[in-house]
Amino acid sequence: MTLAARSLLIPTAVSAALILGACASTSPAEEDAAVQEGSAAQADLVSVSDPWVKAAAADDGMTAAFGILTNEGEAEALIVAASADDVSDMVELHEVVSGDDGNMVMREKDSGFPVPAGSEHELSPGADHIMIMGLTQDLEPGAEVTVTLEFEDGSTHEFTAPVKDFEGANENYDGDHGDSDDDHEGH
């Protein structure tokens, strides 16, 4: 092979390698998927501190769980559901708002509980809380309840909350779950 032919082969080989390399690069969609796979699940970024559940008898039918949700992540986490399978048939995310008559009423919060990035969302009596309905057993002070939170991304976080006596949180319930026409009190 002559020197002139070799001179033409080297640039051609380099060009071919660059073209093939460009074809093998990842698309923006593939890069986004790789970033999401490397991101932590929302449940891994949110912790629950000072959790507790209001003591209640199974005959009361319902109670509530409270605590402070803390998001250590760099993006909002959204809690969309909860469960307490050991003590309840139904758990909902609730808020307390002013009713048509001016009294405070609790109702299901369909949009869930957003926990802002690097911040907290408090669950407390008279405000957002986890409503534990259809109690299957008495919840006496000193007992513990395991609650599982489900996040928008499908991840879950389980925490255990002690049961405590509490006289407040007696808002009326603004919802129909096949019980009676009476408002439910005493969650």
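The values are calculated or read from the model by the stated rules, or taken from the named source; none is laboratory data. Only a predicted model underlies this, so the values are computations on that prediction, with no experimental measurement involved. Positions of Cβ are backbone-derived with ideal geometry, glycine not excepted, and every protein chain shown enters the neighbour counts. In case anyone asks, the SASA skips ligands and DNA or RNA and just uses the protein heavy atoms, side chains included. Shrake-Rupley method; radii C 1.70, N 1.55, O 1.52, S 1.80 Å.
For this structure, a couple of remarks:
- Filter result for the condition that a residue is of a type in the set (A, V, I, L, M, F, W, C), over 17 Å from the mean Cα position of the chain (by Cα) and open to solvent by 40 Å² or more (accessible area, probe 1.4 Å), over 90, 104, 62: 104
- Count of the range 65-87 residues, restricted to those that are open to solvent by 10 Å² or more (accessible area, probe 1.4 Å), of a type in the set (Gly, Ala, Ser) and closer than 19 Å to residue 124 by Cβ, is 1.
- Tally, over the range 109-129, of residues that are over 17 Å from residue 167 (Cα atoms) and either modelled with pLDDT of 95 or more or buried (at least 16 other Cβ atoms within 10 Å of the Cβ) (or both): 13
- Qualifying residue in the range 131-139 (condition: touching a strand residue (DSSP E or B) at 6+ places or on another chain (Cβ under 8 Å), aliphatic (A, V, I, L, M) and open to solvent by 30 Å² or more (accessible area, probe 1.4 Å)): no
- Per the conditions (1) open to solvent by 40 Å² or more (accessible area, probe 1.4 Å); (2) more than 23 Å from residue 163 (Cα to Cα), the sole criterion not satisfied by residue 99 is (1).
- When 29, 56, 16 are checked against the criterion of being modelled with pLDDT of 95 or more and over 24 Å from the mean Cα position of the chain (by Cα), 56 stands alone in meeting it.
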